[in-house]
Amino acid sequence: MKYLWNEEKPKIITICGSLKFEKEMRRETERLELEGNCVLSVTYPAEIVNFDKEKYSLEQCAIFDKLHLQKIDMSDAVFVVNVGGYIGNATKNEIAYAKSTSKEIIYLED
């Protein structure tokens with residue numbers, strides 16, 4: 001499935017989803033870019049092994065959240081990596097935000 005507009009103006013897509021699906025998110029980022037899209041991805045923690053979200057301060061989490069919404073603002077669409085239909089609360093909030101700004105929502109799975 002290709003989402004490419006045209007070679008002169010690629011579609012800008014922000015990847016959304018749970019970091020527990022890092023492998024799938026990276027795979028979809030690569031696939032979408034090879035199709036000619038410009039993909040804005042999440043920030044992957046340097047230490048994904050034994051990843052603990054609690055290692056970040058509230059201020060750091062707020063920075064990540066704010067910047068991810070900025071990525072959505074810059075995008076034409078969001079691509080939700082919802083393996084097994086799973087969508088966590090943070091991703092639900094990102095989808096709601098994307099809808100409120102009239103972005104196209106694309107899901108990995110129905």
Taking into account only those residues within region 27-62 that are in a helix (DSSP H, G or I) and surrounded by 13 or more Cβ atoms within 10 Å (Cβ to Cβ), which is modelled with the lowest pLDDT? C61
(1) modelled with pLDDT of 95 or more; (2) touching a Gly at 6+ places or on another chain (Cβ under 9 Å) all hold for K99 apart from (2)
I want to confirm something. Restricting to region 87-110 and keeping residues that are out of contact with any Asp or Glu (no Cβ under 9 Å at 6 or more places or on another chain) and part of a loop (DSSP other than H, G, I, E, B), which single residue is farthest from K20 (Cα to Cα)? S102
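The values are calculated or read from the model by the stated rules, or taken from the named source; none is laboratory data. Worth saying up front: this structure is predicted, and the values here are computed from it rather than measured. Using ideal geometry, Cβ is built from the backbone for each residue, glycine included, and neighbour counts are taken over all protein chains shown.
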